[in-house]
2 protein chains.
Amino acid sequence: MNRIITIGREFGSGGRTIAKMTGEKLGIKVYDNELLIKIAKESGLAQAYVAEKSENLTLSDLIGRSLSGFGTYNQVLVEDNLWKMQSEVILDLAKKETCIIVGRCADYILKDKADCLKIFVYASLEERINRIVSVYGESDVAPEKRLKDKDKRRSLFYNYFTDMKWGDPHNYDICLNSGILGFEKCVDIISSLY
Amino acid sequence: MNRIITIGREFGSGGRTIAKMTGEKLGIKVYDNELLIKIAKESGLAQAYVAEKSENLTLSDLIGRSLSGFGTYNQVLVEDNLWKMQSEVILDLAKKETCIIVGRCADYILKDKADCLKIFVYASLEERINRIVSVYGESDVAPEKRLKDKDKRRSLFYNYFTDMKWGDPHNYDICLNSGILGFEKCVDIISSLY
């Protein structure tokens, strides 16, 4: 197995940008959307579906799961299969090359299986609101609600599939407040630890 | 106000040692037990009492508080007074000199009042158990219970007096897993951010 950097991140914290900048600095590949494409290809599922389901769970998904019994609920089967596929793609990547993987519970999937540097990037609500408005623009939904919804879906997914708590520092080697430290400094720290 | 480094830490994570090493490297003073001595002197309370009460709350303390009404419960008055005194001593320090302050909610007390670099040091339960046994020796109480009790008392205190959540990354600029990164690397990172 190769040395892998996994980057978990809060929505709007700039974790994806920090991953790209770190990849450029270290000269290693970054898997973010590229991972989605790979998973969609291997699973035969649509990319938009994979994007939505590969790290998000809603409360109604969870209720559906608890009511579904064994294999009676088609959506659950597809989602569990996606989780299996996603785990295989990530394990396969780690075998093939040294790289950076953004999100998708890679820290958990590679636990005890690859030599991982596990990063979590976060920022204050205020910083993240400013950032999503400037990067993704305004929408009908207030940015604070967009942020909280997205964080909630990601944490439900992570907590459900990993049995750990999303954003708990103990799951990571280092947690970086990108709003305070700035992206450059985050990249420097990650590179120096690699 | 001077530039201050505050270091919150889980019991057994080596946060205090990392503070000392960083102080030596940067040539600035570290307040840990020295802070206790100062607070005891200014409050007229015994040092052992200050050590116990300056960052620990038990569940029975909390119940006592909720039953105490207004000023009818002597212990609460003394504790609240200690909190006030502690806040004043920390604010006073920040006015006088650039330094490192370990624990005692300094990150909260100095919030928006001093130029702070806010660090949290943590480690896995396993790493911390090994460490407290090797540093403090065995005792009648199992090390895991000692750790959990101490963390609980610190977090109850922090959450009660600050209205924030102890160990939540959002309260800090960076969170360091000392068990994975090692003390030297933690010191390097803190120094490079200072």
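When the criteria are applied in full, A:V121 fails the requirement of being of a type in the set (A, V, I, L, M, F, W, C) and more than 14 Å from chain B (Cβ to nearest Cβ). If you go through the stretch B:98-135 and pick out every residue that is open to solvent by 50 Å² or more (accessible area, probe 1.4 Å) and either assigned to a helix (DSSP H, G or I) or over 22 Å from B:K53 (Cβ atoms) (or both), you end up with 11. For the stretch A:134-189, the set of residues classified as of a type in the set (A, V, I, L, M, F, W, C), over 15 Å from A:V121 (Cβ atoms) and within 13 Å of another protein chain (Cβ to nearest Cβ) consists of A:M164 only.
Using the structure shown, decide if B:A123 is of a type outside the set (S, T, N, Q) and out of contact with any Lys or Arg (no Cβ under 9 Å at 6 or more places or on another chain). Against the criterion (of a type outside the set (S, T, N, Q) and out of contact with any Lys or Arg (no Cβ under 9 Å at 6 or more places or on another chain)), B:A123 does not qualify. In this structure, does B:R153 turn out to be open to solvent by 50 Å² or more (accessible area, probe 1.4 Å) and under 17 Å from the mean Cα position of the chain (by Cα)? The answer is yes for B:R153. Restricting attention to the stretch B:167-194, the residues being over 13 Å from A:I189 (Cβ atoms), free of Cβ contacts under 8 Å to residues at least 24 places away in the same chain and open to solvent by less than 30 Å² (accessible area, probe 1.4 Å) number 1. Every condition in (1) away from chain A (no Cβ under 14 Å); (2) under 22 Å from A:C175 (Cβ atoms); (3) in contact with a strand residue (DSSP E or B) (Cβ under 7 Å, 6 or more places away or on another chain) holds for B:R131 except the one numbered (3).
The values are calculated or read from the model by the stated rules, or taken from the named source; none is laboratory data. As the structure is a computational prediction, the values presented were derived from the model and not from experiment. With ideal geometry, Cβ positions are generated from the backbone for all residues, glycine too; neighbour counts draw on all protein chains shown. For the accessible areas, the whole protein counts, side chains as well, though only heavy atoms, and no ligand, DNA or RNA atoms are used. Shrake-Rupley method; radii C 1.70, N 1.55, O 1.52, S 1.80 Å.
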